[in-house]
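The values are calculated or read from the model by the stated rules, or taken from the named source; none is laboratory data. In this text the structure is predicted, and so the values were computed from the model without any measurement. Cβ: placed from backbone, ideal geometry, glycine included. Neighbour counts: every protein chain shown.
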Amino acid sequence: MKPDILPLSQARGEIDPINYERSFMLRESVAILNATLETLPPRLQFVLRMYYGIGANEEHTLQAIGDQLGLCKERVRELKLYARIKLIKRLRLRLRLTGYRAPWVP
């Protein structure tokens, strides 16, 4: 496809319902994730945000995060695991309480 030729639906100014729904679901999922992440203690939030690059453009290594916190990378790995477990439990609880049924939550 040539870059200057748009698909017919875009040329007419129509909204693609599949892409619109996907982008809506993505925004909603990100909002739920961020709200649930805010319930964690600041240190655990920091570890997850830095490791997975949440709210930033790049991910960081365990060593880089450890250098910022003054910890060894093994301790950062333990904190990351603990934070993920807490986050998943809180996400499941939040989603059950709101009645939201996400395909990625068992």
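Say we look at region 1-55 and pick out the residues that are farther than 30 Å from TYR82 by Cα, in a loop (DSSP other than H, G, I, E, B) and among the acidic types (Asp, Glu); which of these is modelled with the lowest pLDDT?
Filtering first and then ranking leaves ASP4.
Is there a residue in region 73-94 that is out of contact with any Phe, Trp or Tyr (no Cβ under 9 Å at 6 or more places or on another chain), of a type in the set (A, V, I, L, M, F, W, C) and assigned to a loop (DSSP other than H, G, I, E, B)?
no
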